[in-house]
Amino acid sequence: SAVISQKPSRDICQRGTSLTIQCQVDSQVTMMFWYRQQPGQSLTLIATANQGSEATYESGFVIDKFPISRPNLTFSTLTVSNMSPEDSSIYLCSVQQGYEQYFGPGTRLTVT
Amino acid sequence: AQTVTQSQPEMSVQEAETVTLSCTYDTSESNYYLFWYKQPPSRQMILVIRQEAYKQQNATENRFSVNFQKAAKSFSLKISDSQLGDTAMYFCAFMVDNAGNMLTFGGGTRLMVKP
């Protein structure tokens with residue numbers, strides 16, 4: 001399975017600021033995904049990021065709030081913009097290999 | 001739209017015993033995949049087991065096995081010989097074949113293995 005790393009592993013940010021989360025994979029993958037896990041909750045898909053095309057956002061998530069880049073087949077970034085305390089969550093990236101998805105270790109974001 | 005329901009928010013089991021976690025799902029699709037993921041306190045999501053809907057045989061991975069009942073839309077996870085390291089959140093997930101590979105997760109079951 002793919003080895004996935006995320007940076008930062010955690011951060012504490014002030015409201016109104018932005019944070020960019022990086023996701024690096026050790027092999028080339030077509031499909032990458034970004035999920036949000038709010039405290040004590042399950043995972044919710046934010047968007048799908050395919051290299052060479054615009055990210056596809058799920059209902060309730062917009063590009064202005066969560067811009068995503070996918071410059072190549074091993075890397076993606078998610079920016080959480082104009083943060084509020086409601087954005088405090090774990091953000092996870094994942095990659096598709098065959099019919100399975102593998103996840104990065106997650107980024108724990110706290111907004112004060 | 002697909003929905004996944006885990007009716008047991010929390011469960012506990014004694015070390016070395018067997019425990020079964022429940023999952024039901026709702027879909028009109030015929031080709032899909034079902035998964036169980038484990039999320040320990042480290043928050044790393046770990047794929048435990050996968051089941052293809054077209055396969056009648058239940059998937060098994062060492063101490064982990066599933067009971068897949070397609071007609072009932074049920075997909076339970078059995079953990080045998082429970083170990084302290086099995087303590088984690090367990091999420092059931094669903095994916096439609098050839099539909100963007102989006103995973104739909106259940107709400108999770110928190111499992112505590114007691115010594």
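Table for the structure above
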item: Cβ-Cβ FRET estimate between B:GLU15 and B:SER74, R0 fixed at 22 Å, reported to 0.05; result: 0.25
item: Using distinct alpha-carbon pairs, which all enter the 1/r mean, Kirkwood radius of the protein assembly as shown in Å; result: 18.2
item: Accessible surface, per residue, of the protein assembly as shown when the full set of protein chains is kept, probe 1.4 Å, Å²; result: 48
item: Extension gain (nm, one decimal) between B:THR5 and B:LEU84, 0.36 nm per residue minus Cα-Cα; result: 25.9 nm
item: For chain A, built as a Gaussian network whose Cα springs stay under 10 Å, the top-fluctuating residue of A:LEU92, A:LEU45, A:LEU78; result: A:LEU45
item: In segment B:1-95, trypsin sites (Lys or Arg not before Pro) in a DSSP loop with at most 14 other beta-carbon atoms within 10 Å; result: B:LYS55, B:ARG63
item: Sulfur and carbon atoms: percent of accessible area, the protein assembly as shown [1.4 Å]; result: 46
item: Overall dimensions of chain B as given by Cα atoms, namely Rg and Dmax in Å; result: 13.6, 43
item: Nearest-20 debye value, segment A:4-104 charge dipole, Cβ charges on Lys, Arg, Asp, Glu; result: 180
item: Cα-projected label distance for A:CYS13 with A:THR79, points at 7 Å along beta-carbon direction, nm; result: 1.0
item: Cα lying deepest toward the dipole's positive end in chain A, options A:TYR102, A:GLN14, A:MET31, charges on Cβ; result: A:GLN14
item: FRET E, pair B:PHE64, A:GLU58, Förster distance 30 Å, beta-carbon r, rounded to 0.05; result: 0.55
item: GNM result for chain A, Cα springs below 10 Å: residue of A:VAL62, A:VAL25, A:VAL95 fluctuating most strongly; result: A:VAL62
item: Listed residues A:SER42, A:SER81, A:SER27, most fluctuating in chain A (Gaussian network, C-alpha, under 10 Å); result: A:SER42
item: Summed buried accessible area for B+A [probe radius 1.4 Å, Å², rounded to 100]; result: 1800
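The values are calculated or read from the model by the stated rules, or taken from the named source; none is laboratory data. Worth saying up front: this structure is predicted, and the values here are computed from it rather than measured. Here the Cβ is made from the backbone with ideal geometry for all residues, glycine too, and neighbour counts use every protein chain on show. Note: areas computed on protein heavy atoms with side chains; ligands, DNA, RNA excluded. Shrake-Rupley method; radii C 1.70, N 1.55, O 1.52, S 1.80 Å.
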